[in-house]
Every structure is written in C-alpha cells, then in structure tokens.
Amino acid sequence: MRQAKEPFQLMAASTLIRICGVQAHTIAELLKQARKISANSIFNHTFQTLSQHHYLTEGFSNDFAQWVMAACNAPQLAEMLTALDIRQYESVEQLRADVVRALEEFVSAFPQRARQKAFEPFYFCEAITVTVLTDWRVHSLREFCEALWHVSVHSVHYHFVSARLRGPKTNDFSAWIGQSLELKELAEKIDHIDIYTNTLERVRQMILDECVPWVEA
Amino acid sequence: MSAPPPTGLISLGDYVSVIGRAEVDEMRALARRLEGRTIKMVNSTAMGGGVAEILNRLVPLMNDAGVSTRWDVITGGDDFFEITKGFHNALHGAPYEAHEQAFEIFRAYQQQNLANLRFEEDFVVIHDPQPIGLIEARQKPGKAPAGPRNAHWIWRCHIDVSRPHPQVWSFLEKYMKRYDAMIISSPAFTRPLPIAQYLFYPSIDPHSQKNQDLDEDFIAKTLERFGIDSNRRILLQVSRFDRLKDPLGVIQAYKLVRKYTDCQLVLAGGGAKDDPEGGQVLAEVREAAGDDPDIHLLALPPWSALEINALQRAATIIIQKSLQEGFGLTVTEGLWKKKPVVASAVGGIPLQIQHKLTGMLAHSVEGTAFQVRYLLSNPQVAQRLGENGHEHVKENFLVTRNLKRYLMLFLSLSGAAQ
C-alpha cells in the first residue's frame, strides 16, 4: 500500500449564523447590499447553502438565486445566479464580484423590475465557522477511505466544497491524493464530481467509488 | 426554583443512531473547549410549552457533554402570567391596552425572582420575556456584580417580535439592550438592537416521548381510546387552544375538504401554566365544531406526549394553520415523522417548510383546504415531501443541533471559536 508523503488531517466544521440586520426588499437593494455586505455573509448565502441543504438536489444552489426566483419572480436572473459554480472561486471576493455583475446587468436591463418589491425580504446573515480536528489522520488511500466513510457530511463540505477558499486550486482530497499520494488521475476524477446534481452523501459515495479500484490495485 | 430533573437519563451517546458517530464526536470536541465553564438557563415554566420541552432535553445533554449547566424556573402568581401572556400576544402584534400597573407588577415579580436566584455562572441564557428583567442581576447600581465579572448574558427570544406592540416593545427593549447577545428563531424576527443577534432554530428530541418510535398497537389503541376511525383519513392539528393557532380556520378548511373527500379532523391541544386563555378558546371551538361526529376535539393534559406522538403518526396530513407563530415545533414534529405538512407561511414555519420541497405552505383557509385536497389525491407527492421534511429536520431542528449551536455561541462569545 502506497504511503503518503504527508498525512491528511480531516477536520469537522460547523457554522454559527449571525444575523446582519440588513435586508433587501428589491433586486436593486440586493445589489446595493451585495456590494458592501461582509465576506462572511456572501460565504453564508453561497457556500453554506449547499451544506445546509445537502440532502436536496433541487431548488437550492445559493440563497440569492432562490430568493430572486421565489420572492421576485425573476427566472432569468435566478438562472444567472444559479450558474455561479462556487468551486470555481478561490476567494469570496471573486464570487461577490460575479454576483454583483449578474445583479448589475439585470438592474441595468430592467430598472423598473429591479425596483419592484419582493414578496418577502432577503435577510443577510453571516456564517461563523468553527473547526475542530477529527480523530482521523490518514497516511494511505485505504485509511482515507475509512475516514471518509466515517466523517460527517459537513467535513465533506469543508474539504470538498469550500476548500479552494483556503488555498489549494482544487479540493482538499484531490490536492492530497495528487500531491502526497501522487495519484494524479484519481485526484482529477474526484475533482470532477458534480456537487450540484448530487446530495453530499452521494458525493461521498462517488469519491469512495472512485478510490476503491486504486485501493485494490 | 430549580426545574425538576427530566425523566430518564439521556446522554449524547443515545443519539449516535440518529445523527451518526461523527456528529456526536464533533460536539464532544466542541464541549472540551469549554471545559470548566458553567451555564445557567432560566425560563418561566418547567412543564408545558415548547421552551420547557427544549430545556428538558437540552440541559441534560449539555451536562453529559461536559458543560456544567443548571436550569432555573422563575415563579409568579396568576396576575404575573396574565400580564406576560398579554405581553406575549402584544409582541406578536396583537392589540394591547398598556397600563403602568401591569409594568409595575411585572417589575415587582422580576425583583422577587432576583432575590431568590443566584447568578454565578459564566454564561446566563434567559428564555423569553417573562424573566427578561433578571439581567439586573448582572450589575446592580452601587453594588458589585452578582456573578462572575466577565459573565456573558444572552436573551433567547422564542417568539416573533418583528411587529410588536410599540409600548410593550419599548418597555422590554430597555432590558434587551443590556444583554451581550440575543438569539432569535428566524431572520425575519429581527429588530434593530445594539447587540449581536444569532439565528438558532428551536429543536425537538427524537428520543422524547413525543417523537420516539411507537409500535402500531399503541397507535391503534390511542385512536380507539379517542373514538377516531383508523380506517379513514385523518387531518390533525396539534396546538394549544389559542386564537393565534386559528383552530376555527382549521375547522373551516376541513369543511371545504369534506365537500370532495371523506376525512376526519382531530384538533388536539395541551395547555401550559402560563396560558390562561385556553379554556375560553376551546369553548369557541366546540361551538364551531357543532355536532359533527368526525371532528374530534381533544383537550389533553401536559403529560400526553405519547398520545400526541401516536396521533401524529396516525395522521394522513398534519396541519398548522397559525395566524402568528414563533417557530411551530408541532410542524417540526410532523416533518420528523415523515408526514406531509400543510402550514401557514407565518413566523418560523417557512424555515421548516420550503414550499413543494419539504411541505406545503398556505396563506388562507381556502389555500389550506386546496393543499390538503391535493396531497390527499397525490399520495406519492405527500410521501416525497415527508421524506425530504424528515431530512430537513435531521439537519437543522434536532436537539443535538441546538446543543451544537449553543456550544459554538459560548465559544464565540468567549473568543475561543477558532
């Protein structure tokens, strides 16, 4: 069994939600606030949405898209916001810029609709992430599979979905498998698993399914 | 006074079968960071009502996780609870005729309880408006602080205060501003205040008598005991007999459904010591039900958790047609039991029911009736909603999640979150 150059420490991550006290009643107001609200709030309404609704594959990609659709009845804008793939971003500010760009285009093209009052306000909240070490520090692919089987889906989210914000240009699993285990093909296959059309439990299983032939090889 | 110890010892380990070992280990790891810290929870009733139910499970679990937690209950006469019931309704936006005398009585009971309680803990969590004035224990004018100098005081508001009666809000706001943080159940409940506001959803316990698995025999016997036909479809609303729960609207919706579909309606309600209005509302509901043998009005005592559980499990559809709602734990209970729920889009209910994903939202008697009819006609949709709803509760609204949020808040307030 191939041993990793460096062990991989799995983390558990939880979030506390703080209410910002800022609301948007129209798409124009959403744009205004999205420009200046804290990065923790943008994180909460994009990355964290996926964690909170990890068992659904319909209806939720990020809170902005959901609100624009359900409360403002603006399907084109909702589509634009839904299409923002959080795994493509290495910083929340990059993601904020694209959210703002999509909103600006809508406000510019449909100024009257952008000022129509929504059915319900959008409430900005911040995510405060608290991390703790799990008991899983792994040195091989086999140990990795066992650990992945046991950790919570929120660990999967932390390492697989929000990892890019912490440095690696991929997810934590692929980074370790590619660099420390030098299994670049496996690392790439794992990186291509779709987080939007699968529940996080399904994502976990798909990663394990990719790993099993390499463990047995 | 101290709250009575909960029946039966519970431990975090009991929840491994529900939420998994990883989640339980994570909570223990968070609790270890709070080693040596102490917590006090204070509310107004040891039995009856959602807050007491939450604390009855949360407090033992915090202690089991290694965080020493004490639960105290304030005392008050009927005059005090009548006033706080008025405050409760007024904070929900109901009309209220404010008299200075009511505020004086409220203040007098706060002083009485301040004299009886000690505050020596590191974190004090005060639940709802009834004991809100205990914040005065933090530092009385001219005296040394009653508790640890750096104690953190948190006000946990379980009700929707987004449109409060201005005079009652103004009276209570003076107390609120003195807390370090406030916890509310929905971002929609927020009010401008100079303190940090955190979002905690209320929670249910999957192992409590109200939510534990039951055998079919007990469910059948419960239906038989209340004269409910187990072979016909059952619409159920569980709630106190309270105007804000709109039991009369539920009867109207049932009558609309009955034009097309055979079914029975069960309105089952408990009571709580701090709710003196219940008897009067029940009488109004009895009158509206008339002599319809398919409307079952069950005024249940506070120790009826198993019976309520059985009724929820026997129900075809669960209704919660509230006009105002804090959070609506009966909705949570229904979703946990994988039942399709039709509920009003008020208070914390839209946080639980995402329309057509985890249940159905309605805005009127007619809308409620329509959604009930739709689900009765489409049982496969009803089943999918129930399954999604169960997962939604598991992720967000179990007592273990509540415990985790408190641990994170205490860590965050004490600067030890990372």
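The values are calculated or read from the model by the stated rules, or taken from the named source; none is laboratory data. Here the structure is a predicted model, which is why all the values come from computation and not from measurement. FYI the Cβ positions are ideal-geometry reconstructions off the backbone, even for glycines, and counts take in every protein chain you see.
A few notes on this one:
- Taking segment B:230-246 as the range and being surrounded by fewer than 24 Cβ atoms within 10 Å (Cβ to Cβ) and not in a loop (DSSP other than H, G, I, E, B) as the test, the residues that pass are B:Ile234, B:Arg243, B:Leu244.
- Here B:Arg191, B:Arg178, B:Arg225, B:Arg163 are screened, and the one residue that is closer than 30 Å to B:Ile295 by Cβ and more than 17 Å from the chain's Cα centre (by Cα) is B:Arg225.
- Checking each residue in segment A:39-67 for being in contact (Cβ under 8 Å) with a residue 40 or more places away in the chain, within 13 Å of chain B (Cβ to nearest Cβ), polar (S, T, N, Q) and out of contact with any His (no Cβ under 6 Å at 6 or more places or on another chain) picks out A:Asn40, A:Ser41, A:Asn44, A:Gln48, A:Thr57.
- Looking across segment B:344-359, the residues that are part of a helix (DSSP H, G or I) and either in contact with a Cys (Cβ under 6 Å, 6 or more places away or on another chain) or within 11 Å of chain A (Cβ to nearest Cβ) (or both) come down to B:Pro350, B:Leu351.
- So B:Val59, is it of a type in the set (A, V, I, L, M, F, W, C), assigned to a strand (DSSP E or B) and away from every other protein chain (no Cβ under 14 Å): no
- Residue count for segment B:273-326, restricted to those that are assigned to a helix (DSSP H, G or I), of a type outside the set (Gly, Ala, Ser) and without any contact (Cβ under 8 Å) to a residue 24 or more places away in the chain: 3
- Just one of the listed residues (A:Lys189, A:Lys169) is outside the structural domain of A:Leu30 (by TED's automatic domain parsing), at pLDDT 95 or above and farther than 27 Å from A:Glu29 by Cα, namely A:Lys189.
- Test: residue in segment A:143-153 that is more than 12 Å from every other protein chain (Cβ to nearest Cβ), assigned to a helix (DSSP H, G or I) and more than 24 Å from the chain's Cα centre (by Cα): yes
- The number of residues in segment B:180-189 that are within 16 Å of B:Glu325 (Cβ to Cβ) and among the β-branched types (Val, Ile, Thr) comes to 1.
- Flag for B:Thr84 being assigned to a helix (DSSP H, G or I), under 21 Å from the mean Cα position of the chain (by Cα) and either of a type in the set (Ser, Thr, Tyr) or within 14 Å of chain A (Cβ to nearest Cβ) (or both): yes
- Within segment A:188-207, the set of residues being within 19 Å of A:Gln9 (Cβ to Cβ) and either among the charged types (D, E, K, R) or touching a Leu at 6+ places or on another chain (Cβ under 8 Å) (or both) comprises A:Arg204, A:Ile207.
Residues are listed down the side, and each one gets a yes or a no for (1) surrounded by fewer than 21 Cβ atoms within 10 Å (Cβ to Cβ); (2) more than 14 Å from chain A (Cβ to nearest Cβ); (3) in contact with a Gly (Cβ under 8 Å, 6 or more places away or on another chain):
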| site | (1), (2), (3) |
| --- | --- |
| B:Asp180 | yes, no, no |
| B:Ser185 | no, no, yes |
| B:Arg191 | yes, no, no |
| B:Gln197 | no, no, yes |
| B:Ser203 | no, yes, no |
| B:Gln209 | yes, yes, no |
| B:Gln212 | yes, yes, no |
| B:Ile219 | yes, yes, no |
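- Looking across segment B:214-229, just one residue is touching a Lys or Arg at 6+ places or on another chain (Cβ under 9 Å) and not in a helix (DSSP H, G or I), and that is B:Leu214.
To keep it simple, each residue is scored yes or no on (1) more than 11 Å from chain A (Cβ to nearest Cβ); (2) in a helix (DSSP H, G or I); (3) closer than 21 Å to A:His154 by Cα.
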| position | (1), (2), (3) |
| --- | --- |
| B:Leu361 | no, no, no |
| B:Gly367 | yes, yes, no |
| B:Val372 | yes, yes, no |
| B:Gly386 | yes, yes, no |
| B:Glu395 | no, yes, yes |
| B:Arg401 | no, yes, yes |
| B:Tyr406 | no, yes, yes |
| B:Leu409 | no, yes, yes |
| B:Gly415 | yes, no, no |
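- Of the residues in segment B:249-271, at least one is over 22 Å from B:Ala362 (Cβ atoms) and in contact with a helix residue (DSSP H, G or I) (Cβ under 9 Å, 6 or more places away or on another chain).
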